[in-house]
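Comments concern the structure below.
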Amino acid sequence: MDLFSCLSPFVFCSFASGSSGNCYYVGRQDEGIIVDVGISALQVVTALKKNDLRISDIKAILVTHDHIDHVKGLEVLTKDHPIPIYAHSDCLQGLVEGKATKNVDQGLFHEIEPLQPFEICGITVEAFPVMHDGRGAVGYHFNYEGHTLTIATDIGMLDKVVKEEIRRADHLSNEESARFVADAYHTGMKNIMLCHLSENNNTPERAMQCLYQQFRKKHVHPDVNTSIFPLPRHKSTGFVYL
Ligand SMILES: [Zn+2]
Ligand SMILES: [Zn+2]
């Protein structure tokens, strides 16, 4: 029996996740998409190599918003490797005006419309707006042959009932994120990955504890087939099969 035949053809890999830098790979094992370049170009190329990928396998870069922890390496990476950059028009404008990104080749820019699905290497991509003080902030939903992934990061508010001030908060608290996940959970969820944990005032253990507390509170019993784990801040995860 071929063990690998039961693995999904759609993979996710976190290269870095946290307030000091964010970068993810989404795609097949031979080509795909990078979401955010909040680490150096060299770190991106090194992380790709670790996963048997080359920069030429990257067909698009999707940007969630223009904060430095999401775009730090974009200019250098795309100078050497002219990869199309997809983002909301407000975010693209933010890149043009941003200190670290003002010299990114605008010829690479592709404007995305929230909630208008489009396709990159056979993967259907749909951006959705999120509340955040970054410009044109969006999350992304991916679908490849029925395998799905949602990346929602830097969300200032998930629940309309939450007070106005919280909307301005840079990041959701553990409690809020946990409550949202517990509410949204269904047994079809294969992976729940806690991302973008703050460097100073949060730990993976605390975030996980919080999530399980909310599960208990809401009488949610995660299925044995659902993996729940925090993404490391500086290390590559290796492929997660979606
Ligand atoms: Zn941000
Ligand atoms: Zn961020």
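The values are calculated or read from the model by the stated rules, or taken from the named source; none is laboratory data. Model, not experiment: these values are computed from the prediction. Cβ placement follows ideal geometry from the backbone for every residue including glycine, while neighbour counts extend to all protein chains displayed. Remember, those area values only see protein heavy atoms, side chains included, never the ligands or the DNA or RNA. Shrake-Rupley method; radii C 1.70, N 1.55, O 1.52, S 1.80 Å.
Here are the numbers:
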item: Qualifying residue in the stretch 20-36 (condition: within 16 Å of ligand 2 (Cβ to nearest atom), part of a loop (DSSP other than H, G, I, E, B), touching a residue at least 40 places away in the same chain (Cβ under 8 Å) and among the polar types (S, T, N, Q)); result: yes
item: Filter pass, ALA127 being within 16 Å of ligand 1 (Cβ to nearest atom), small (Gly, Ala, Ser) and either part of a strand (DSSP E or B) or without any contact (Cβ under 8 Å) to a residue 12 or more places away in the chain (or both); result: yes
item: Tally, over the stretch 101-121, of residues that are open to solvent by less than 40 Å² (accessible area, probe 1.4 Å) and assigned to a loop (DSSP other than H, G, I, E, B); result: 4
item: Unique residue being assigned to a loop (DSSP other than H, G, I, E, B) and on the phi < 0 side of the Ramachandran plot when the list is LEU95, LEU48, LEU53, LEU42; result: LEU53
item: Residue within the stretch 154-161 that is at pLDDT 90 or above and within 16 Å of ligand 2 (Cβ to nearest atom) present; result: no
item: Pairs where the first residue, in the stretch 103-123, is under 16 Å from VAL63 (Cβ atoms) and the second is modelled with pLDDT of 95 or more and among the acidic types (Asp, Glu), C-beta under 7 Å, 6+ apart; result: ASN103/GLU75; VAL104/GLU75
item: Unique residue being closer than 19 Å to VAL130 by Cβ and crowded, with 20+ Cβ neighbours inside 10 Å when the list is ALA87, ALA60, ALA47, ALA16; result: ALA87
item: LEU95 vs. criteria within 17 Å of ASP154 (Cβ to Cβ), out of contact with any strand residue (DSSP E or B) (no Cβ under 6 Å at 6 or more places or on another chain) and hydrophobic (A, V, I, L, M, F, W, C); result: yes
item: Count of residues meeting criterion [touching a residue at least 40 places away in the same chain (Cβ under 8 Å), crowded, with 17+ Cβ neighbours inside 10 Å and part of a loop (DSSP other than H, G, I, E, B)] in the stretch 131-152; result: 5
item: Number of the exception - CYS210 against (1) at pLDDT below 85; (2) touching an Asp or Glu at 6+ places or on another chain (Cβ under 7 Å); result: (1)
item: Number of the exception - ASN51 against (1) more than 16 Å from ligand 2 (Cβ to nearest atom); (2) of a type in the set (S, T, N, Q); (3) in contact with a helix residue (DSSP H, G or I) (Cβ under 7 Å, 6 or more places away or on another chain); result: (3)
item: Selection from the stretch 162-175 of residues that are more than 16 Å from ligand 1 (Cβ to nearest atom) and at pLDDT 50 or above; result: ASN174, GLU175
item: Given (1) in contact with a helix residue (DSSP H, G or I) (Cβ under 9 Å, 6 or more places away or on another chain); (2) at pLDDT 95 or above, number of the condition LEU62 does not satisfy; result: (1)
item: Counted residues, the stretch 172-222 - those being under 27 Å from ASP69 (Cα atoms) and in a loop (DSSP other than H, G, I, E, B); result: 11
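Residues checked against (1) open to solvent by less than 20 Å² (accessible area, probe 1.4 Å); (2) among the β-branched types (Val, Ile, Thr); (3) away from ligand 1 (no atom under 16 Å from the Cβ):
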| site | (1), (2), (3) |
| --- | --- |
| PHE10 | yes, no, yes |
| ASP36 | yes, no, no |
| ASP52 | no, no, yes |
| ILE68 | no, yes, no |
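One line per residue, one yes/no per condition, for (1) surrounded by 16 or more Cβ atoms within 10 Å (Cβ to Cβ); (2) in contact with a strand residue (DSSP E or B) (Cβ under 9 Å, 6 or more places away or on another chain):
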position: HIS171; (1), (2): yes, no
position: VAL181; (1), (2): yes, yes
position: ALA184; (1), (2): no, no
position: ASN191; (1), (2): no, yes
position: MET208; (1), (2): yes, yes
position: GLN213; (1), (2): no, no
position: PRO222; (1), (2): yes, yes
